[in-house]
1. Dipole magnitude of segment 10-130 about its Cα centre, charges +1 at Lys/Arg Cβ and -1 at Asp/Glu Cβ only, in debye to the nearest 20?
2. What are the extents of the Cα atoms of segment 161-221 along their three principal axes, listed from largest to smallest and rounded to whole Å?
3. Starting from the 7 Å offset along Cα-to-Cβ, what nm value, one decimal, do you get for the label separation of residue 193 and residue 59?
4. Whole Å is fine, so just give me how far the alpha carbon centre of segment 18-67 lies from that of segment 118-141.
5. Quick one: Karplus J couplings for segment 50-66, per residue in order, coefficients 6.51, -1.76, 1.60, θ = phi - 60°, nearest Hz, x for Gly and Pro?
6. Taking R0 as 22 Å, what's the FRET efficiency between residue 77 and residue 17 from their Cβ-Cβ distance, rounded to 0.05?
7. Would you mind getting me the FRET efficiency between residue 178 and residue 104? Use the beta-carbon distance for r and R0 = 25 Å, nearest 0.05.
8. Counting other Cβ atoms within 10 Å, keep those with at most 13, restrict to DSSP loop, and tell me which chymotrypsin sites (Phe, Trp or Tyr not before Pro) in segment 123-210 are left.
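What follows is calculated from the coordinates using simple rules that are stated; it is not laboratory data. Because the structure is predicted, anything quoted here is derived from the model rather than measured. When we count neighbours, we look across all protein chains shown, and the Cβ atoms used for this are built from the backbone with ideal geometry, even at glycine.
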Amino acid sequence: MRHLNRILLLCACTAVAQASVVVPNSLSGVEGGGNNNFPFDSTTSQRYQQVYAASQFGSGGLITQIAFRPDGPLGHAFSLTIGSIQIDLSTTLASPDGLSSTFANNVGLNDTMVFSGPLALSSFFTGPVGGPKAFDVIINLTTPFFYNPILGSLLLDVRNFSGTPSGLAGGFDSQFTSADSISSAYSDPLTNSVASTTASVTDTEGLVTEFGIVPEPGTIGLLAIGLLLVLLGVSLRRLRA
């Protein structure tokens, strides 16, 4: 019984193990063609939105973590703290290269604040010379977000209230290509603050991003979990007898 319980527990855990999805998928092991400090190394407050195509996420799941990597040619090891930031995720009908300059028009009905408060970011800048570097600029979400790609694209909405000293990060890896799976809209930190309702720029560029996702359990995984619960129930009844 103990041996069978262990097998089923292993199957259940495997069925719901966290997976990693890099968007754009094609850049998971390739350096992007751009470098961008926004929105995590902005000199002043800024609002920044980035959209990710639904086609990049497979069947989706529960997003628990987002991560970025330093730019290979221009980045470096760093450690910085953003004093006040808010990060939201939502499912949007907007598509890459199709974001509205009005921020509210891009936000989905299931808008969820997944992080709020001070945010410490750092990187050891490990990886091949020239990149791609490791996705070690990690943000663990305090509130996970369930994403179903069937319902639309994914919107990342960042409000950097405090800004950070410029140049600490040296830039994050990005991609500047039209008709790909990412694009952005943001307020210019030199002329518009985080409170701006409209974007100064709508851009085809976006940060290369890695998502930590717990996928929905498949049929086999659900059966394993069900059997495990039955066995645990049997075991508990025997202990009480």
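1. On the way: 2 positive and 6 negative charges, 24 e Å.
Dipole size: approximately 120 debye.
2. The principal-axis extents, from largest down, are 54, 28, 26 Å.
3. 4.7 nm
4. Going from one Cα centre to the other spans 13 Å.
5. 9, 10, 10, 5, 4, 4, 7, 10, x, 8, x, x, 8, 7, 10, 7, 10
6. Given R0 = 22 Å and the Cβ-Cβ separation, E is 0.15.
7. Once the sixth-power term is evaluated, E becomes 0.50.
8. Details: sites: 124, 125, 135, 145, 146, 147, 161, 172, 176, 186; in loops: 124, 125, 135, 161.
Loop-located and lightly packed - 124.
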